[in-house]
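Taking it in order: structure first as structure tokens, then the write-up.
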């Protein structure tokens, strides 16, 4: 086969599709999950700090290090197995253990992360969870008894997933130790990798749910400012209908509101967009579980519909309201700008009419000046002509007065004719 040049990123992009394998697990076992947001602004995030923090945990257990540019890691860490993933906005740690404590969801399980290591976390915790994997009992009533002791019945979401491969349950509440609790009861025929996929999807549901709720928290802080700007915009639009308001001042006020709205839109654009993406991922992961009802209890999809979707609709409605308010401000500015332009056009027409009147007056004045100039020029022309013809007066035995009177009319006519011709040539 003839050689062909590959795209520089061909192998890297192909490897990315297979770089995050699901863990292989058996029941009984436990897992500890931790999601950290290094920085609220991804542009200011230092990814090397995430890598350094991972290395510190591996050093604590004497485990090998990943590559300096690694975005994921899965390997043995002492008696545990660690799965680490670096995402766009957060970092996740999942530690698996075959040891199962007698006390379900014992907070001691989280001690797999040393205290000094937790204190040096570069960022803040988005969520953390304790997961307990157990074989599925023969009787579903046994599962129901355990769930009643482990979770808050009011919030409990439980379902049979993947055509009976497992029963999963959680109440999406933070327990006194600060963690979410997730229980997984696996059937005997469920394979190790399938158990790992179930656990991974449950962790992703919780992570993306928690990340999307950051958008809900943001729109709650945005609402007072948006309400204030909406009220000011409504008042200004009401003033536009009256003739007493100064259009220039109103236009400046509208522009100030538009600037504030645009600033608010820019500041919230990333978080609102990320919230929509996380919401889609939550719904996608729930659909991937292919859940069915367990003993008449609400499933994950029903829980999200009742508790999670209203928050997401609030985010969506706030985003739509922000866009609509910005559009209203722009339309109001355009209308007022049109009004200002019309008023300026009327002023310009008045100025032009005034200039026409002034030009007419100037023309009349010019005609008057031209008549006076004929007289003045004629006066000097008659004088010069008289001086020129004085010697002839003696020869013709004519007095100087008679000579002047004879030449006055011809000179005046000649001057008038010359001025008139000059004005025609200029015109």
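Using the Cα gyration tensor of segment 213-346, with a ≥ b ≥ c the square roots of its eigenvalues, what is the shape: rounded (a/c below 1.5), prolate (a/b larger than b/c) or oblate (neither)? Cα axes put segment 213-346 in the prolate bin. Separation of segment 78-150 from segment 282-327 is 25 Å, based on Cα centroids. Computing Rg and Dmax of the Cα atoms in Å directly from the structure and comparing it against (i) 31.3, 119; (ii) 45.3, 160; (iii) 36.5, 130 singles out (ii).
Using helices alone, I'd like the mean residue ellipticity at 222 nm for the chain: each DSSP H run of four-plus residues gives -39500 (n - 2.57), total over residue count, nearest 500. Each step should come with its number before you reach the end.
Numbers: 9 runs with 248 residues, N = 427.
About -21000 deg cm²/dmol.
Short-range pairs are left out: with C-alpha atoms under 8 Å and at least six residues apart, the relative contact order of segment 213-346 is 45 percent. Compared with the dominant principal axis of the Cα atoms in the chain, helix 309-395 is inclined by about 10°.
Based on Cα contacts under 8 Å between residues 6+ apart, segment 21-196 shows a relative contact order of 29 percent.
The angle between the Cα long axis of helix 140-150 and the longest principal axis of the Cα atoms of the chain comes to about 60 degrees, rounded to the nearest 10. In the chain, Cα pairs under 8 Å separated by at least six residues give a relative contact order of 14 percent. In terms of other Cβ atoms within 10 Å, 4, 198 run from fewest to most in the order 4, 198.
How much of the DSSP bridge set in the chain is antiparallel, in percent, rounded to the nearest 5? Intermediate values should be presented prior to the final figure.
On the way: 41 of 48 bridges.
Once the DSSP bridges in the chain are tallied, antiparallel ones form about 85 percent.
Of interest is the spacing of the C-alpha centroids, which for segment 210-228 and segment 56-73 amounts to 37 Å.
Using the average count of surrounding beta-carbon atoms within 10 Å as a protection proxy, the listed peptides 328-336, 205-213, 90-98, 57-65 rank, highest first, as 205-213, 90-98, 328-336, 57-65. Rg then Dmax, both in Å and based on the Cα atoms of segment 21-196: 17.0, 52.
As a rough footprinting exposure proxy, the listed residues 412, 108 were ranked by other beta carbons within 10 Å of their own, and the order from fewest upward is 108, 412.
The C-alpha atoms of the chain define a longest principal axis, and helix 400-426 lies at about 20 degrees to it.
Readers should treat all values here as calculations from the given coordinates under stated rules, not as data from a laboratory. Treat the numbers as computed from the prediction; the structure is a model and nothing was measured. Note that each Cβ is placed from the backbone with ideal geometry, even for glycine, and that neighbours are counted across all protein chains shown.
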